[in-house]
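Below you'll find the structure, written out as structure tokens, and then a few comments.
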Amino acid sequence: MSDRYGDFVQSSLGKKVAKNLGLPQPVTLDRFESGQRLVRGSVLVGAAAGEDNRVSASIGRILSELHAEVFVNSSDDIKEVLADAGIEAKANTGSEDKFKILLFDASNISSAEGLKAVYEFFHTVARRVEKSGRVIIIGRPPESIDDIETALAQRALEGFVKSVGKEFKRGVTAQLVYVSAGAEDNLESTLRFFTSARSAYVSGQVVRVSAGNAVDIDWTQPLAGKTMLVTGASRGIGEAIARVLAREGAHVICLDVPQQQADLQKVASEISGSVLTVDITSDDAGQEIAEAAQKRGGLDAVIHNAGVTRDKTLANMDEQKWDMVININLGSIARINRYLLDNDVLKNDARIVCVSSISGIAGNMGQTNYATSKAGVIGLVNSTAKQLDANDKGMTINAVAPGFIETQMTEAIPFAIREAGRRMNSMSQGGLPVDVAETIAWFASPASGGLNGNTVRVCGQSLLGA
């Protein structure tokens, strides 16, 4: 779908008009392209002083594998830690050099006064971040900390990151990653995602990395040999998910209702996937999925993407519209998951990824049914994550919550509301289906065993529900 205003602002005249009138000025976001380097610029790394160097050591190992050009401030002790990882970091001289990534280890901050280290690192380089740059802070999960001073300092990082995401503009994203002590080896998939162009429309998010199986994989084809099922795969976001998973090496079972068989067959044939026509609300949906999966030895991931809207204000909503949305968007997921788990259809280290929505976080007028279903998806993820932690099979479940994504669904929204949806985020533009797909591929990776129970918004840091 065309964003005519966004296209206009890219022109010389459009830039002048937008600047003079104080209008939003969206930039063209860097997005992932096969064959390009993961990190497309230099990285400035910093760390708060302290005795625990485990996070900094993990950062060094990952950046070494990425062959990134790394800078440090001359007064920062992290240079020695990076040297141990084989990185000869250059000195940030305070010149006008720009950085693609600002990466800060805040895991040692243990007091309100200690937060000054965050200010000192970012203050001098706030104007030196390149377009579509990345700001990433790594801390410790405050809910696991008993000391009040340390917990408040770590929780304070969330406010800093979300503010930076709104201040820096020009397509710059900001993220906070809380990594549990001892889980530093599980950071790699998350840092690779957030430092790359794959995370173009993800900003202002807080992700928790905990204990999980650390797996060595071929990062050029991280899903090679995996079988993954995507519901609602015939078009839109579902089609994008199927294509990205296949690009990463997976065999994708493309599922949709029988009415969509022609479109579904086209997608599946283009990615060398399989076709499965099933009504996910039927009583035997789980069994049909299981039979298709067993032909390939089981499932390595299931992506619950299928969903519908039937918008009406509550006073005008009939019972059929309520029941349909709840059943498709929420009830079917719970039933299918239960069947797949109870019948060992999912392999060890399998990934379940559910598509929620910012409507499930913020609510939305005329969408009580849809918002209820999508909030329920988050509840399902949180509860299931606890069960998967206990079953000791390495399985995980996470959710993505898209905001305004350019699809046929959003194209049908009235013009004024559609424009508001596009502009009311830190990127001042709508996202693309591939943005959701890239986030799901990150969750679906075998290397993402430390990610369980997260809900990540793919919304350009929408002002709704922030």
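The values are calculated or read from the model by the stated rules, or taken from the named source; none is laboratory data. On a predicted model such as this, the values are computed, not experimentally measured, just so you know. With ideal geometry, Cβ positions are generated from the backbone for all residues, glycine too; neighbour counts draw on all protein chains shown.
Of all residue pairs spaced 6 or more apart or on separate chains, those with beta-carbon atoms under 6 Å, a first member in the stretch 389-406 that is hydrophobic (A, V, I, L, M, F, W, C) and a second member that is assigned to a loop (DSSP other than H, G, I, E, B) are 399/356; 401/356; 401/357; 401/358; 404/430. Of the set (1) in a strand (DSSP E or B); (2) of a type outside the set (Lys, Arg); (3) buried (at least 22 other Cβ atoms within 10 Å of the Cβ), all apply to residue 349 but (3). Quick check on residue 447: is it touching a strand residue (DSSP E or B) at 6+ places or on another chain (Cβ under 8 Å) and among the aliphatic types (A, V, I, L, M)? When the stated conditions are applied, residue 447 does not pass them. It is to be established whether one or more residues within the stretch 269-290 are buried (at least 23 other Cβ atoms within 10 Å of the Cβ), out of contact with any Gly (no Cβ under 9 Å at 6 or more places or on another chain), at pLDDT 95 or above and part of a helix (DSSP H, G or I). The answer is yes; a qualifying residue exists.
Any chance the stretch 357-368 includes a residue that's small (Gly, Ala, Ser), over 22 Å from the mean Cα position of the chain (by Cα) and either at pLDDT below 95 or crowded, with 22+ Cβ neighbours inside 10 Å (or both)? Walk me through it before giving the result.
Within the stretch 357-368, the subset small (Gly, Ala, Ser) is 357, 359-360, 362-363, 366.
When the remaining residues are screened for being over 22 Å from the mean Cα position of the chain (by Cα), the result is 366.
Filter once more, so that each one left must be either at pLDDT below 95 or crowded, with 22+ Cβ neighbours inside 10 Å (or both): 366.
So far as the stretch 357-368 goes, yes, one or more of its residues are small (Gly, Ala, Ser), over 22 Å from the mean Cα position of the chain (by Cα) and either at pLDDT below 95 or crowded, with 22+ Cβ neighbours inside 10 Å (or both).
A count restricted to the stretch 291-304 and to residues that are in a loop (DSSP other than H, G, I, E, B) and acidic (Asp, Glu) stands at 0. For residue 201, the criteria (1) over 19 Å from the mean Cα position of the chain (by Cα); (2) at negative phi; (3) in contact (Cβ under 8 Å) with a residue 60 or more places away in the chain hold in every case but one, which is (1).
For residues that are at pLDDT 95 or above and either part of a loop (DSSP other than H, G, I, E, B) or polar (S, T, N, Q) (or both), tally how many sit in the stretch 388-397. Counting residues in the stretch 388-397 that are at pLDDT 95 or above and either part of a loop (DSSP other than H, G, I, E, B) or polar (S, T, N, Q) (or both) gives 2. Within the stretch 422-442, does at least one residue satisfy the condition of being surrounded by fewer than 18 Cβ atoms within 10 Å (Cβ to Cβ), over 21 Å from residue 238 (Cα atoms) and without any contact (Cβ under 8 Å) to a residue 40 or more places away in the chain? No: the stretch 422-442 contains no residue that is surrounded by fewer than 18 Cβ atoms within 10 Å (Cβ to Cβ), over 21 Å from residue 238 (Cα atoms) and without any contact (Cβ under 8 Å) to a residue 40 or more places away in the chain.
Yes/no matrix, rows are residues, columns are (1) closer than 24 Å to residue 223 by Cα; (2) among the basic types (Lys, Arg):
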| site | (1), (2) |
| --- | --- |
| 292 | yes, no |
| 306 | yes, no |
| 316 | no, no |
| 321 | no, yes |
| 324 | no, no |
| 328 | no, no |
| 344 | yes, no |
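Among the residues of the stretch 407-423, is any assigned to a loop (DSSP other than H, G, I, E, B) and modelled with pLDDT of 90 or more? The answer is no; no qualifying residue exists.
Pairing each residue of the stretch 275-288 that is in the same structural domain as residue 343 (by TED's automatic domain parsing) and within 18 Å of residue 343 (Cα to Cα) with any residue that is in a helix (DSSP H, G or I) and of a type in the set (Lys, Arg), provided the two are 6+ apart or on different chains, yields C-beta distances under 7 Å for 286/335. Filtering the stretch 1-55 to residues that are surrounded by 12 or more Cβ atoms within 10 Å (Cβ to Cβ), modelled with pLDDT under 65 and among the basic types (Lys, Arg) leaves only 15.
Mind listing just one residue for me: the one in the stretch 144-170 that is part of a helix (DSSP H, G or I) and over 22 Å from the mean Cα position of the chain (by Cα) and, of those, surrounded by the most Cβ atoms within 10 Å (Cβ to Cβ)? Break it down stepwise before answering.
First, pick out the residues of the stretch 144-170 that are part of a helix (DSSP H, G or I): 144, 148-167.
Subset that is over 22 Å from the mean Cα position of the chain (by Cα): 144, 148-153.
Values: 144: 13, 148: 10, 149: 14, 150: 17, 151: 17, 152: 15, 153: 25.
That would be 153.
Among 267, 215, which is within 23 Å of residue 396 (Cβ to Cβ) and either among the β-branched types (Val, Ile, Thr) or in the same structural domain as residue 103 (by TED's automatic domain parsing) (or both)?
On the way: 267 fails: within 23 Å of residue 396 (Cβ to Cβ).
One residue alone meets the criteria, 215.
Applying the set (1) out of contact with any helix residue (DSSP H, G or I) (no Cβ under 7 Å at 6 or more places or on another chain); (2) of a type in the set (Lys, Arg); (3) modelled with pLDDT under 95 to residue 266 leaves exactly one unmet item: (3).
Do we find that residue 296 is under 24 Å from residue 240 (Cβ atoms), touching a residue at least 40 places away in the same chain (Cβ under 8 Å) and surrounded by fewer than 22 Cβ atoms within 10 Å (Cβ to Cβ) in this structure? Walk me through how you get there before you give the answer.
On the way: under 24 Å from residue 240 (Cβ atoms): yes; touching a residue at least 40 places away in the same chain (Cβ under 8 Å): yes; surrounded by fewer than 22 Cβ atoms within 10 Å (Cβ to Cβ): yes.
Yes.
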